[in-house]
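Presented below is the structure to which this report refers.
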Amino acid sequence: MSASQAFIVTDHVCKSFGSHQVLRDVSTHFSTGEVTVIIGASGSGKSTLLRAINRLEPHDSGTITIDGVVVSDDTATLQKQRCEVGMVFQQFNLFGHLSVLDNITLAPRRVRHTARAEANAQAMVLLRRVGLQEHAHKYPWQLSGGQQQRVAIARALAMNPKVMLFDEPTSALDPEMVQEVLDVMRELAHGGMTMIVVTHEMGFAREVADRVLFFDQGCIAHDAPPEAFFGNPANDRIRAFIGRMG
Ligand code: ADP
Ligand code: MG
């Protein structure tokens, strides 16, 4: 992958919480149009890396660049980058007091100053895309977990991001709702979206990922295309992990 295609680059990124080093010298890149799946044991630093990319968690040393711009606390840069980077969390994090439509239009209206009618029209297009056009005027509590997560994806897409980060988007769902969310993500990937997906869904990784990263104790222990990653595991740790995840 050539450097010119690298949309996000992490260069020697380190992060500790107290004396616990959570990211150890993470150097990698995420290319435009590529789907990267990150797997690894709980506590290995996967969420911290996503949160550092979005500056929800400042890192200690090393640099992260998004589209050539270094991630920092500079307010204008931060706001621009937060628009470019959409994020979907395990727990959906919808605004409980807002309707589905208002959840989706809030950021475009507040941050981009999009007029309400236009924001609503864009939101309806997105709701159709995630199969929820009938639910625009409901509140999150009236929806299933799978529906709420699809709303959360639509909400992130409403800012027209250049990359989407997913942090275990199906881990909080009842099993029968996992597929409807993965289907939306698969569609997004086929549409060419640049995606970084932390997940335990090995089937999704095999089928949709261009690249699989295996995190182990704050390091990228392995980085391979899915065929090689799953077909010929690089070591016993990875083989055991894949075995546990099915
Ligand atoms: P993963 O997403 O791979 O499960 P995380 O990135 O969430 O791992 O966490 C990595 C390690 O950092 C864990 O040991 C976790 O307990 C610790 N950690 C994460 N966030 C914080 C925090 N805000 N304060 C202290 N420790 C944290
Ligand atoms: Mg996590």
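The values are calculated or read from the model by the stated rules, or taken from the named source; none is laboratory data. On a predicted model such as this, the values are computed, not experimentally measured, just so you know. Glycine also receives a Cβ, built like all others from the backbone with ideal geometry; neighbour counts cover every protein chain displayed.
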For region 55-64, what are the residues that are buried (at least 16 other Cβ atoms within 10 Å of the Cβ) and out of contact with any His (no Cβ under 7 Å at 6 or more places or on another chain)?
-> Arg55, Glu57, His59, Ile64
Selection over region 163-179 where residues are away from ligand 2 (no atom under 13 Å from the Cβ) and in a strand (DSSP E or B) yields a count of 2
Any pair with Cβ under 8 angstrom, 6 or more apart, that starts in region 196-208 at a residue that is in contact (Cβ under 8 Å) with a residue 24 or more places away in the chain and ends at one that is more than 16 Å from ligand 2 (Cβ to nearest atom) and assigned to a loop (DSSP other than H, G, I, E, B) = Val197/Ala209; Met202/Gly246
Run down Ala107, Ala52, Ala6 and say which single residue is within 16 Å of ligand 2 (Cβ to nearest atom), surrounded by 16 or more Cβ atoms within 10 Å (Cβ to Cβ) and in contact (Cβ under 8 Å) with a residue 24 or more places away in the chain.
-> Ala52
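Restricting to region 231-241, and then to whatever is surrounded by fewer than 17 Cβ atoms within 10 Å (Cβ to Cβ) and hydrophobic (A, V, I, L, M, F, W, C), can you tell me which residue is nearest to ligand 2 (Cβ to nearest atom)? Full working, then the answer.
Within region 231-241, the first condition is being surrounded by fewer than 17 Cβ atoms within 10 Å (Cβ to Cβ), and the residues that meet it are 231-232, 234-237, 239-240.
From what is left, the residues that are hydrophobic (A, V, I, L, M, F, W, C) are 234, 240.
Numbers: Ala234: 22, Ala240: 20 Å.
It comes out as Ala240.
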Could you please give the count of residues in region 127-158 that are surrounded by fewer than 21 Cβ atoms within 10 Å (Cβ to Cβ), farther than 23 Å from Asp174 by Cβ and hydrophobic (A, V, I, L, M, F, W, C)?
-> 1
Could you list, in sequence order, the residues of region 1-39 that are at pLDDT 95 or above and among the small types (Gly, Ala, Ser)?
-> Ser16, Gly18, Ser19, Ser27, Ser31, Gly33
Among the numbered criteria (1) within 16 Å of ligand 2 (Cβ to nearest atom); (2) more than 21 Å from Trp141 (Cα to Cα), which single criterion is violated by Thr77?
-> (1)
Is at least one residue of region 74-92 loosely packed, with under 14 Cβ neighbours inside 10 Å, in contact with a helix residue (DSSP H, G or I) (Cβ under 8 Å, 6 or more places away or on another chain) and farther than 20 Å from Leu188 by Cβ?
-> no
Test for Gly40: is it under 30 Å from Gly145 (Cα atoms), surrounded by fewer than 17 Cβ atoms within 10 Å (Cβ to Cβ) and of a type in the set (Gly, Ala, Ser) | no
Subset of region 169-226 (residues that are crowded, with 20+ Cβ neighbours inside 10 Å, among the small types (Gly, Ala, Ser) and under 24 Å from Val125 (Cα atoms)) | Ala189
Among residues of region 194-210 being part of a loop (DSSP other than H, G, I, E, B) and closer than 14 Å to Ser171 by Cα, the residue farthest from ligand 2 (Cβ to nearest atom) is Glu201
Lone qualifier among Ser47, Ser72, Ser42, Ser16 - being more than 11 Å from ligand 1 (Cβ to nearest atom) and not β-branched (Val, Ile, Thr) = Ser72
